[in-house]
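K.L.:
Dropping a structure here in structure tokens format, bear with me for questions.
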Amino acid sequence: MLVEKNVPLQRCNTFGIAARAHTLVRVHTPQDVHDLLADHRLARQPLFVLGGGSNIVLTGDVKPVVLKMEIKGRRLLEETERHWIVEAGAGETWHELVDWTLAQGWPGLENLALIPGTVGAAPVQNIGAYGVELQDRFHSLLAIDLATSQPFTLDAAQCAFGYRDSVFKHAAPLAEQEGTGLPGHWGRGMGLAGRAVITHVRLLLRKDWRPELGYLDLERRRQEEGVDRPTARQVFDWVCAIRRAKLPDPAVIGNAGSFFKNPTVSPEQCQDIIARDPKIVHYPMADGSIKLAAGWLIDACGWKGKTVGRAGVYDKQALVLVNRGTPEDSVTGGEVMTLARAIQTSVYERFGIRLEPEPVVV
Ligand code: EPU
């Protein structure tokens, strides 16, 4: 276990915000987590788990001890007539895992290509794109309870996945935070935020694979290319091309992907908005609610391409906030949050809808 002090985090978050970790521990194996928890000096302090830093806004130096997850490794855990189960370390790069599974001939993750971040972060916000969410390919995960140092496994139901949501985004009820044993059961609202660290993720890839082309941009692409039944690699290439055209590459322009979740409203609320704004982009959901495109709402309020201080709204996709500073003079988390609040206010004033930020604000 390597403990570092006063570590710059600018390269550890895709927004490129300059901040420091007072103490940072690089976790290469599950044993590193056990060692850290056995070190009374470190374990007494609050802990903060950092993956690829692609879904966080740093508003200052990080005082909790940062666990930088760097557990590597990917392997085929099981093959049956019906599926492959693949296991990967939390520190693997998500996109490299997607690419590798396809190279092995195991399709299923192609719609999730080019999503920034690490494998360990993928279940936390149930990453999703182009009609597929992590939960659709999830088998189980291995984690360590930070209160007791006990390893444990969670299946999909126990992860309580929702839209950009899981048990890892919710705080534990107070009684459990104070207890020493593992929570007996999990469910939405039970909460493991700050309580556990994911070490490995297992994905179940079905052999009766079919391309998932329900998303309009992909279907349009299929028609343009004149391909009837694309291979997983073709879908992967299309997804990469669509993302590159719409979303800024964090290596070039700092950002944390979509900054707000797409809100859902009741059909009545939606009718009300359509009466005033007939062009509003909306999708009916299986549960009867209507999902609205937050990007459209922000765009309609005139924010696309705007800059406030060193924070900006991406000019090709209003849902993405970007760093318009330089590495030497980068945007601060405060500037990003000021812009985010201004956007929330104008969307609320015009549409009566409260946008909820997607990234974790630290
Ligand atoms: N739109 C506008 N103006 C904009 C942006 C979008 O009018 O500035 C309209 C688009 O024309 C489209 C609709 O809004 O009709 C939806 O936009 P898009 O297809 O780009 O998808 P999204 O809802 O903005 C979501 C995810 C993305 C994911 C894409 C593809 C969320 C918060 N975002 O974006 O996820 O890649 O769908 O599935 O759910 C992320 O989470 O970081 C992320 C990039």
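The values are calculated or read from the model by the stated rules, or taken from the named source; none is laboratory data. This one's a predicted model, so the numbers in the text were calculated from it and none came from an experiment. Cβ placement follows ideal geometry from the backbone for every residue including glycine, while neighbour counts extend to all protein chains displayed. Just so you know, the surface numbers come from the protein's heavy atoms only, side chains and all, with ligands and any DNA or RNA stripped out. Shrake-Rupley method; radii C 1.70, N 1.55, O 1.52, S 1.80 Å.
K.L.:
Out of all the residues in segment 5-44, which are in a strand (DSSP E or B) and either modelled with pLDDT under 95 or of a type in the set (Gly, Ala, Ser) (or both)?
P.N.:
Ala21
K.L.:
Out of (1) touching a Phe, Trp or Tyr at 6+ places or on another chain (Cβ under 6 Å); (2) surrounded by fewer than 19 Cβ atoms within 10 Å (Cβ to Cβ); (3) more than 30 Å from Gly312 (Cα to Cα), the odd one out for Pro64 is which?
P.N.:
Unmet condition: (3).
K.L.:
Does segment 291-302 contain at least one residue that is in a strand (DSSP E or B) and in contact with a Cys (Cβ under 7 Å, 6 or more places away or on another chain)?
P.N.:
First, the residues of segment 291-302 that are in a strand (DSSP E or B): 291-292.
Those still in the list that are in contact with a Cys (Cβ under 7 Å, 6 or more places away or on another chain) too: none.
No, segment 291-302 contains no residue that is in a strand (DSSP E or B) and in contact with a Cys (Cβ under 7 Å, 6 or more places away or on another chain).
K.L.:
How many of the residues making up segment 235-260 are open to solvent by less than 30 Å² (accessible area, probe 1.4 Å) and either in contact with a helix residue (DSSP H, G or I) (Cβ under 7 Å, 6 or more places away or on another chain) or of a type in the set (Lys, Arg) (or both)?
P.N.:
Residues in segment 235-260 being open to solvent by less than 30 Å² (accessible area, probe 1.4 Å) and either in contact with a helix residue (DSSP H, G or I) (Cβ under 7 Å, 6 or more places away or on another chain) or of a type in the set (Lys, Arg) (or both): 7 in total.
K.L.:
Still on this structure, I have one more. Taking the condition under 21 Å from the mean Cα position of the chain (by Cα), more than 9 Å from the ligand (Cβ to nearest atom) and basic (Lys, Arg), does Arg244 pass? I'd like the intermediate steps shown before the answer.
P.N.:
Values: under 21 Å from the mean Cα position of the chain (by Cα): yes; more than 9 Å from the ligand (Cβ to nearest atom): yes; basic (Lys, Arg): yes.
Against the criterion (under 21 Å from the mean Cα position of the chain (by Cα), more than 9 Å from the ligand (Cβ to nearest atom) and basic (Lys, Arg)), Arg244 qualifies.
K.L.:
Would you please name the residue that is modelled with the lowest pLDDT, looking only at residues in segment 211-237 that are within 12 Å of the ligand (Cβ to nearest atom), assigned to a helix (DSSP H, G or I) and not charged (D, E, K, R)?
P.N.:
Filtering first and then ranking leaves Leu216.
K.L.:
From Val86, Val57, Val98, which residue is among the aliphatic types (A, V, I, L, M), within 16 Å of the ligand (Cβ to nearest atom), outside the structural domain of Arg20 (by TED's automatic domain parsing) and surrounded by 19 or more Cβ atoms within 10 Å (Cβ to Cβ)? Before you say what the answer is, go through the steps one by one.
P.N.:
Values: Val86 fails: within 16 Å of the ligand (Cβ to nearest atom); Val57 fails: outside the structural domain of Arg20 (by TED's automatic domain parsing).
Within the list Val86, Val57, Val98, the selection yields Val98.
K.L.:
Moving to a separate point now. Given the options Val336, Val362, name the one that is touching a strand residue (DSSP E or B) at 6+ places or on another chain (Cβ under 6 Å), under 26 Å from Gln10 (Cα atoms), touching a residue at least 40 places away in the same chain (Cβ under 8 Å) and open to solvent by 10 Å² or more (accessible area, probe 1.4 Å). Working first, answer last.
P.N.:
On the way: Val336 fails: open to solvent by 10 Å² or more (accessible area, probe 1.4 Å).
Unique residue meeting the criteria: Val362.
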